[in-house]
Structure formats: structure tokens, C-alpha cells
Amino acid sequence: MSLSQLQLKKYADVLAWGLFTARVKKFRVYDTILIRFDLAGLSLAEILYAKLLSMKFNVSLRLISTPRMEQDFYSLSDSKQRKFIYSGEKEFFENLNGSVFISAPASLTHLKNIPPERISELLVARKPLRKIIEDREAKGHFGWTLCTAPTSALAEKASMTPVEYSRQIAKACFLDEKDPVKKWKEIFRDTAEIKKWLNALPVRVIRVESSRTDLSISLGEKRKYLGVSGHNIPSFEIFVSPDWRGTEGIYFADQPSYRSGNIVRDIKLVFRNGKAVSIGAKEGAKFAKKMMSMDPNACKIGEFSLTDRRFSRIDKFMADTLFDENFGGKFGNCHIALGNSYTDTFAGNPATLTEKRKKALGFNDSALHWDLINTEDKKVTAILKNGRKVTIYENGIFRY
């Protein structure tokens, strides 16, 4: 890791801000917080661990499997092992109050030759645990955030040196500022104004147009826009989980995407009646099709997002979805996520949402959540319920 000790301390400060901001209800002394981290993220995990301990939290630590361990798991395990949930894990999640994930991958391609259906088995098996966390978060009892620490593997796939990659992370997260937490608070305040404006618009349909995208998305009933909530560091996107049933047209992702050891380039999706009926890609099309057949809802949209280039200083491909989905650059970006919805974009109390109600409102339910990013110059139009058209985003900027 090429970040300095001062930058690591600032990073830990920002993560703590993100964690406390993301949770609806305030944390209490002796709440339990989980820190999950890759081995290369150990230095940052140590600083964050000490910080949270000094604040009187009970901190649990989990080291993520190394690439060798992960490869062996999928290669040597059988279906029963991949679906296994450890004794006590359900109870652990039912009593967890917060979580921080420090991603620092030593490899992005070690699972390339693993059959995607094996990876899907694990994701589907652990879905009930994610549901526990989602329910606790909806009730205000759980908060989470995550970040990425620089590694040689990330730098290589992004075509940078490790030093250059570390500088990009520092720039994106404002670790080169004297007080990065103050900067994040300013962005939190400024983006709140945009969300307030968007949520006041009686939108029926969102249309996205660029040189290779022409997609219409039904917003759905009782929706609200979220973003810059502390959940991701960095995060500049403003997003919503629309009604998947109203998705029509063509979507093109010009940003490459690394997922489960595979890379997908120039993916083109054609949606009809809410489902991706045609899937093509310059590279990785076979893998993409398998991901989208993970379960019956993996081929449907779960999220639509826009990033305003005035906030994001990310201007290079980072080979990491956390950064790439917040790309600023010349034209900002939009992305869709295939698969699972964020039910906290329900304009009401998410804790009151039953499975039947979620389905009726068009919130998608899947073990997959895969962000696919378009950085082309685009125009985004909102078609209001009275038929009026309003340009809400153009040249990478929200038009509010």
C-alpha cells in the first residue's frame, strides 16, 4: 500500500464519518461493529480498529480469503459445501450493528476459470444473511460503509503504477485535503439539494440518450432518490431503484467491468418488457449471460444512477466498481445495476415493506447486483406524469 500514515489516518476518519452517517439511528456505546478486510488492507484496518475501540465499540475482525484460498474453495468444494452457512452466523448478523469493508484485492482474475454457476451457488445461499442485514438497516439498527485500498493488482488492471493508483484514491477521497471529513460534509449538503429537487418532480419515465444508449425506465410509485449517504467511500452518485417492469430499449456500458475473475467489455443490453432479452459484449459475453441467468430476476434492472462531474474527481478507469460507478471525468456517468433493488429508495418506511408489497411496487429481488457504467456524453430526460418533459442531466451535470 502506497498511502502515507497520515493519509491512512484520514481515510479511517472518513470511514468513521461514513459509518456514522449511513446509519439512521445513532450508534450506542458497546455496539458491535464488524471490520472485514483483505490482507493488503491490514494497515488501514489496524488504524480503524484502534479508532473504533477508543470510541467504546465492540469490534469484530474478519480477514477475507486470499486469492489462493478463494480459488481452492470454488475448485475443491462440492455444492453442499458452497451452500454451507456456519453455525452461529445467522445469530451474529441478527445482532450486528455496523460493518466496514476494506477491499484490497491481490488479484482480479484468479476466479476466471471457475464455472460461474459455482459462484452463483454461494451468492444465492448467503442471500438470507443479506436479507437480515437489509431488514436491520431498514429499522435503523445497522449501518455500513466500504472503501478500497490500493494494490498492485488494481494498479496493473487500471494501467497505472502503484504510486499513480494510490494518488488517484487519495484524490478521489480527498485524502490530499487538510480536513477530508469537512469536504465530505460539504458534498453531503450540496447533493442533498439535488435529491430534494429530484424527489419533488412527479416523474413517470426517465429516458437516457447517448451515442449508443437509448433506454426508458419507469420510475415507479413511491420512490425516492438516495446517494452520498456515507455508505460508500467515495460516493458521488444519486440513485434510485425503479420499477423493473417499465425498462425498454438499449443500454451500452463503455466502462469495462471486472467481476468474479472475469472482465466484460462493451456490454450491450436490449430490454423488452423489463427484461434483458439480448446480451452482447466485445469480451466476456458468455460470462455475462451466465451471471444474468443466476436466478429469474438477475436479468432485470435493480438500480439507476447518475454522477455529477462537479463533485467527483475520478477521471480514470480504476478497475474497481466502487470508483468506476462514481466516475466524473468530462461527462460524468450513469449506471444501471442488474439484479437486486435497494428498498431503502421506497418513499416511506422501508421497515413496513412486505415481500408482497415490494413485488407489487416493482422492486427487483435477486442474488445478483451488478453495476454497468456508461461514461458517454448523455442527455437524461424526465417525462412527468402530466406528459411534460424536463431535462434533468446533460453534459455530466444535473440541471436543477
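Here are the numbers for the structure shown:
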{"item": "Filtered residue count, segment 64-83, keeping only those that are exposed (fewer than 14 other Cβ atoms within 10 Å of the Cβ) and within 25 Å of residue 132 (Cα to Cα)", "result": "5"}
{"item": "Single condition residue 134 does not satisfy, out of (1) crowded, with 22+ Cβ neighbours inside 10 Å; (2) closer than 24 Å to residue 85 by Cα; (3) out of contact with any Leu (no Cβ under 8 Å at 6 or more places or on another chain)", "result": "(1)"}
{"item": "Odd one out for residue 137, checked against (1) closer than 20 Å to residue 22 by Cα; (2) among the acidic types (Asp, Glu); (3) out of contact with any strand residue (DSSP E or B) (no Cβ under 9 Å at 6 or more places or on another chain)", "result": "(3)"}
{"item": "Test result for residue 12, crowded, with 19+ Cβ neighbours inside 10 Å, assigned to a helix (DSSP H, G or I) and either in contact with a Cys (Cβ under 9 Å, 6 or more places away or on another chain) or touching a residue at least 40 places away in the same chain (Cβ under 8 Å) (or both)", "result": "no"}
{"item": "Candidates 267, 217, 238, 206 - the one that is buried (at least 17 other Cβ atoms within 10 Å of the Cβ), β-branched (Val, Ile, Thr), modelled with pLDDT of 95 or more and farther than 26 Å from residue 314 by Cα", "result": "217"}
{"item": "So residue 223, is it of a type in the set (D, E, K, R) and at pLDDT 95 or above", "result": "yes"}
{"item": "Residue satisfying all of: in segment 192-203; of a type in the set (A, V, I, L, M) and not in a loop (DSSP other than H, G, I, E, B); surrounded by the fewest Cβ atoms within 10 Å (Cβ to Cβ) among these", "result": "200"}
{"item": "Flag if residue 24 is of a type in the set (Val, Ile, Thr), over 21 Å from residue 148 (Cβ atoms) and surrounded by 15 or more Cβ atoms within 10 Å (Cβ to Cβ)", "result": "yes"}
{"item": "Selection status of residue 268, at negative phi and either β-branched (Val, Ile, Thr) or in contact (Cβ under 8 Å) with a residue 12 or more places away in the chain (or both)", "result": "yes"}
{"item": "Yes/no for residue 113 being surrounded by fewer than 14 Cβ atoms within 10 Å (Cβ to Cβ), assigned by TED's automatic domain parsing to the domain that holds residue 17 and touching a Gly at 6+ places or on another chain (Cβ under 9 Å)", "result": "yes"}
{"item": "Selected residue [small (Gly, Ala, Ser), over 26 Å from residue 181 (Cβ atoms) and more than 18 Å from the chain's Cα centre (by Cα)] from 218, 260, 241", "result": "218"}
{"item": "Filter result (in contact (Cβ under 8 Å) with a residue 12 or more places away in the chain, closer than 30 Å to residue 128 by Cβ and among the small types (Gly, Ala, Ser)) within segment 358-400", "result": "362, 366, 367"}
{"item": "Boolean, residue 153 is among the small types (Gly, Ala, Ser) and closer than 19 Å to residue 256 by Cβ", "result": "yes"}
{"item": "Qualifying residue in segment 149-172 (condition: farther than 18 Å from residue 383 by Cα, assigned by TED's automatic domain parsing to the domain that holds residue 378, modelled with pLDDT of 95 or more and not aliphatic (A, V, I, L, M))", "result": "no"}
{"item": "Members of segment 182-199 found to be of a type in the set (A, V, I, L, M) and within 10 Å of residue 400 (Cα to Cα), listed by number", "result": "194, 198"}
{"item": "Pair list, Cβ under 6 Å, 6 or more apart: segment 286-304 residue in the same structural domain as residue 195 (by TED's automatic domain parsing), other residue at pLDDT below 95 and in a strand (DSSP E or B)", "result": "287/262"}
{"item": "Tally, over segment 168-191, of residues that are outside any loop (DSSP other than H, G, I, E, B) and touching a residue at least 24 places away in the same chain (Cβ under 8 Å)", "result": "13"}
{"item": "Residue within segment 184-204 that is of a type in the set (Lys, Arg) and closer than 21 Å to residue 324 by Cβ present", "result": "no"}
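Per-residue answers, yes or no, for (1) closer than 25 Å to residue 150 by Cα; (2) surrounded by 15 or more Cβ atoms within 10 Å (Cβ to Cβ); (3) in contact (Cβ under 8 Å) with a residue 60 or more places away in the chain:
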residue	(1), (2), (3)
5	yes, no, no
41	yes, yes, yes
87	no, no, no
94	no, no, no
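The values are calculated or read from the model by the stated rules, or taken from the named source; none is laboratory data. Since we're looking at a predicted model, the values are computed, not measured. Heads up, the Cβs are rebuilt from the backbone with ideal geometry, glycines too, and the neighbour counts pull from every protein chain shown.
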